[in-house]
Amino acid sequence: MSPVFKYLSSSIGRKQIMGITGVYLYFFLFVHLTGNLGMLWGAEHFNGYAYLLLHTLKEIIYPVECTLLAAFLIHLGLSFRLTAENRAARGGGYAVNASKAGKTPYSRFMMLTGSWLLLFLVVHVPHFRFGAYSGISTVVYDGVEMRDLYGAVMHFFAKPWFAFFYVLSFALLFSHLAHGVQSSLQSLGLKHPRYNAAIPLISRAYAALICGGFSALAVWAYFQRGA
């Protein structure tokens, strides 16, 4: 058995790969939130951002999207496998962090919140990335006809049920990140008595930043419906 295959077949190897894919996805959330803040500057700015990603940088963005999809699928698959192994060995719990410090309300609901987030992505990605279910008009930006992404965002966030679904999803994401970030970091070896107590605080602060930011944008867009 090769060292690489042996590593990938080991519980430690799978946990570390899950941690690496998790960190990559967490970083993407920060970048995505930063881009979405362009909504606050209006249609011209936000559609300009969309044009930059989908046209100017498309040769870079498409491979990045493929790596994100791969990271998500690997993370999802390993989470199910490690959870099943963990339950078989200990009768329950979240596989990545078996320490006493990791047994929080957030950790107990990881599979539930993860399953909801999968549902959210099934709705969100086709909707805003590919324009499914929208029928929103197009705009011309720098001579290129493209979907009016700003119009789509504002149109759907004006619907109370959609804004509620979005905010609820990010509330559940907060729970997922609050445990997932610290679990990923600890799986990658970031453990030391000097800062073990700080890692959960950092994890929850990051979760609050990401989820609070996305939720605030949704609420802001909802109250713009009369503007």
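So for region 69-87 (the condition being of a type in the set (V, I, T), more than 30 Å from G143 (Cβ to Cβ), out of contact with any strand residue (DSSP E or B) (no Cβ under 8 Å at 6 or more places or on another chain) and modelled with pLDDT of 85 or more), does at least one residue qualify? The answer is yes, given that some residue of region 69-87 is of a type in the set (V, I, T), more than 30 Å from G143 (Cβ to Cβ), out of contact with any strand residue (DSSP E or B) (no Cβ under 8 Å at 6 or more places or on another chain) and modelled with pLDDT of 85 or more. Checking each residue in region 195-215 for being modelled with pLDDT of 95 or more and in contact with a Leu (Cβ under 7 Å, 6 or more places away or on another chain) picks out Y206, A207, I210, C211, G213, F214. Considering every residue within region 130-145, establish whether at least one is more than 16 Å from the chain's Cα centre (by Cα), in a helix (DSSP H, G or I), farther than 17 Å from S183 by Cβ and modelled with pLDDT under 90. Looking through region 130-145, at least one residue is more than 16 Å from the chain's Cα centre (by Cα), in a helix (DSSP H, G or I), farther than 17 Å from S183 by Cβ and modelled with pLDDT under 90.
Please determine whether any residue of region 97-106 is under 21 Å from L173 (Cα atoms) and at pLDDT 75 or above. Yes, some residue in region 97-106 is under 21 Å from L173 (Cα atoms) and at pLDDT 75 or above.
The values are calculated or read from the model by the stated rules, or taken from the named source; none is laboratory data. Keep in mind that what you see is a predicted model, and the values were worked out from it rather than measured. Virtual Cβ from ideal backbone geometry, glycine too; neighbours counted across all protein chains shown.
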